[in-house]
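Right, one structure below, let's go through it.
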Amino acid sequence: MHVFLRTAVMSVVATFLTLLLRFPSPDHCKARAGRAGSLLFIICLIPVWVSETVRTLGWMILLRESGVYRHCW
């Protein structure tokens, strides 16, 4: 139960921080020009890149020839 509650709290905090950072950022990315706008745009894309990378690595582990079992045992 402790692990479940800790996971739930972490997910709520992560969701709140994501909403706090992501909602105003697209307006700032469009409104600013030049180097600052490019930097903000990259900062907006980093969470998407990390998510896709983690998902791809997870599928690679699951779908390899030996599967997950060889690494768990």
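Results, tabulated for the structure shown:
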item	result
Phi to ³J(HN,Hα) by Karplus 6.51 cos²θ - 1.76 cosθ + 1.60 over the stretch 53-59, Hz, x for Gly, Pro	5, 5, 5, 5, 5, x, 5
Accessible area (Å², 1.4 Å probe, nearest 10) - residue 17	90
Accessible surface of residue 62 - all protein chains present, 1.4 Å probe, nearest 10 Å²	100
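The values are calculated or read from the model by the stated rules, or taken from the named source; none is laboratory data. This structure is a prediction, so every number in the text was calculated from the model and none was measured. Keep in mind that these areas ignore ligands, DNA and RNA; they rest on the heavy atoms of the full protein, side chains included. Shrake-Rupley method; radii C 1.70, N 1.55, O 1.52, S 1.80 Å.
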